[in-house]
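Down below is the structure, laid out as structure tokens.
The values are calculated or read from the model by the stated rules, or taken from the named source; none is laboratory data. Small disclaimer: the values here were computed from a predicted structure and weren't measured. Note that each Cβ is placed from the backbone with ideal geometry, even for glycine, and that neighbours are counted across all protein chains shown.
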Amino acid sequence: MRALLVILDGLGGRPTDFGGATCLERAAHPNLDELAAAGALGLMDPIAPGVRPGSDTAHLSIFGYDPLQVYTGRGAFEVLGIGMDVRGGDICFRANFATVEEREGKLVVVDRRAGRLEEGKLLEEAVNAVSLRDFGVEFLFRASTEHRGALVLRGEGLSAAVSDTDPHEVGVPVAEARPLEETPAARRTAQILNAFTRRAYEALRDHPVNKKRASEGKLPGNALLLRGAAIMPRLVPVTETYGIRAACIAGGALYKGVAKLAGMEVLPVAGATGDLKTDLRAKARAALEALQAFDLVFVHIKGTDNAGHDGDAEGKKAFIERVDREFFGELLLRLPQELHLCVSGDHTTPPAVREHTADPVPALFFGPAVRPDRTRTFGERAAGEGGLGRFSGRLLPQLLGYCDFGGKFGA
Ligand SMILES: [Zn+2]
């Protein structure tokens, strides 16, 4: 048995998106309809009815974890997502290159994004050359896109109960990190962050990249602002819970990160960009190939959510049609016999709202063990009439259940 979980980010919609219908209902998707007719549908509340989910918490829930128990904040998940070597217990921060000016010994923020500089990668090494060994801790810094990056602090006696060094405004000094609880670990972590701020500034101030930027009249990236401290949780990997080999195919960093945290191997796919331009046929081919070596393959497709956030109902509809034609078209050509498939979203992103909403998401299950229901098309209304009813999260445990993976609960 093999399992394939396909998540179309922000798939769900509202009738207000398209004059009485959702984008999924309005789109032509013959391949998904064929799967719906042969399989069964239901409605999934990503976290619980009425809870508006983030993509990270929704994915945890879909994978079978309780986000209310394990979620420690966006910082930790983004750090995983940019491919850093992060371990349970590490303290993670989101970081920005910023422009500061030294005034009376204080580092005053001139631009929180250093003019959205492009040279973050070139500054990375200088930041990582900063030493915090006198505190007995290690750290890792990684630049990502534009001015963005992430910092991971590793060592004994650290805490995520510290305030941001990002003052979230300009014309004021870089904020002093403060302990948010009365513990030695929180006090020590705040002290380390404040030392890091100063040492990073000293390492970046006269960096050739910044000298060059200054000579071109551009703002230098001479400081790092940190925010969103979060401790990396220790999750029991699905590979361990179910005794399976699992892989992830995704373009977006966050999804790769959550999958990695859940124990999946992230497979690189050329052309998987995590946006509307992604190569959907390449993703389908990669999924088919991965299904030969892995028991479970998780595929994440982001474009649906991007169009939803852009308020672009036509774009979301067109992207769903492309997913049907290119991804599922390719997949159905060579669909393995012993495959159980689940197609759903991680939440609803109606173009009419441009944000995630709490509405349940249609879910489709297909495979030899799935009892077919009477639904003939994949859509929100059809899912409301589906044989699987309405349930919260846990798409992955249900999918793996059809494959008979995992132990029995009880005697
Ligand atoms: Zn999402």
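Going through segment 132-144 one residue at a time, which ones are surrounded by 14 or more Cβ atoms within 10 Å (Cβ to Cβ) and assigned to a loop (DSSP other than H, G, I, E, B)?
Those that are surrounded by 14 or more Cβ atoms within 10 Å (Cβ to Cβ) and assigned to a loop (DSSP other than H, G, I, E, B): Leu132, Val137, Ser144.
For segment 311-340, name all the residues that are under 16 Å from Thr22 (Cβ atoms) and charged (D, E, K, R).
Asp312, Glu314, Lys316, Lys317, Glu321, Asp324
For Gly75, all conditions in the list (1) away from the ligand (no atom under 15 Å from the Cβ); (2) in contact with a Lys or Arg (Cβ under 6 Å, 6 or more places away or on another chain); (3) within 17 Å of Val353 (Cβ to Cβ) hold save one; what is the number of the exception?
Looking at each condition in turn, Gly75 falls short on (3).
Is it the case, given these coordinates, that Thr375 is crowded, with 24+ Cβ neighbours inside 10 Å, away from the ligand (no atom under 14 Å from the Cβ) and among the hydroxyl-bearing types (Ser, Thr, Tyr)?
yes
This table checks each residue for (1) surrounded by 15 or more Cβ atoms within 10 Å (Cβ to Cβ); (2) at pLDDT 95 or above; (3) out of contact with any Asp or Glu (no Cβ under 8 Å at 6 or more places or on another chain); (4) not in a strand (DSSP E or B).
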position: Glu146; (1), (2), (3), (4): yes, no, no, yes
position: Gly149; (1), (2), (3), (4): yes, no, no, no
position: Ala200; (1), (2), (3), (4): yes, yes, yes, yes
position: Leu204; (1), (2), (3), (4): yes, yes, yes, yes
position: Lys211; (1), (2), (3), (4): no, yes, yes, yes
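Note down all Cβ pairs under 7 Å where the first residue falls in segment 282-309 and is under 14 Å from Ile7 (Cβ atoms), the second is among the β-branched types (Val, Ile, Thr) and surrounded by fewer than 23 Cβ atoms within 10 Å (Cβ to Cβ), and they're at least six residues apart or on different chains.
What qualifies is Lys283/Val269; Leu296/Ile244.
Got a number for residues in segment 320-369 being farther than 30 Å from Arg2 by Cα and away from the ligand (no atom under 16 Å from the Cβ)?
Qualifying residue count for the region: 1.
Considering only residues that are out of contact with any strand residue (DSSP E or B) (no Cβ under 6 Å at 6 or more places or on another chain) and under 26 Å from Ala3 (Cα atoms), look in segment 42-55 and name the one that is surrounded by the fewest Cβ atoms within 10 Å (Cβ to Cβ).
Gly54
Hey, any hits in segment 56-71 for a residue that's part of a helix (DSSP H, G or I), among the aromatic types (Phe, Trp, Tyr) and either surrounded by fewer than 21 Cβ atoms within 10 Å (Cβ to Cβ) or within 14 Å of the ligand (Cβ to nearest atom) (or both)?
For segment 56-71, residues part of a helix (DSSP H, G or I), among the aromatic types (Phe, Trp, Tyr) and either surrounded by fewer than 21 Cβ atoms within 10 Å (Cβ to Cβ) or within 14 Å of the ligand (Cβ to nearest atom) (or both): absent.
I'd like to verify a number: residues in segment 263-319 that are crowded, with 23+ Cβ neighbours inside 10 Å, within 16 Å of the ligand (Cβ to nearest atom), not aliphatic (A, V, I, L, M) and not in a loop (DSSP other than H, G, I, E, B), how many?
Of the residues in that region, 8 qualify.
Give just the number: which of (1) within 16 Å of the ligand (Cβ to nearest atom); (2) surrounded by fewer than 23 Cβ atoms within 10 Å (Cβ to Cβ); (3) not small (Gly, Ala, Ser) does Asp33 not satisfy?
(1)
Quick check, is Ser55 over 27 Å from Gly120 (Cβ atoms) and hydroxyl-bearing (Ser, Thr, Tyr)?
No, not satisfied.
List the pairs whose first member sits in segment 328-355 and is outside the structural domain of Arg52 (by TED's automatic domain parsing) and modelled with pLDDT of 95 or more, whose second member is in a loop (DSSP other than H, G, I, E, B) and within 16 Å of the ligand (Cβ to nearest atom), and whose Cβ atoms are under 7 Å apart, counting only residues at least 6 apart or on separate chains?
Final answer for the pair search is none.
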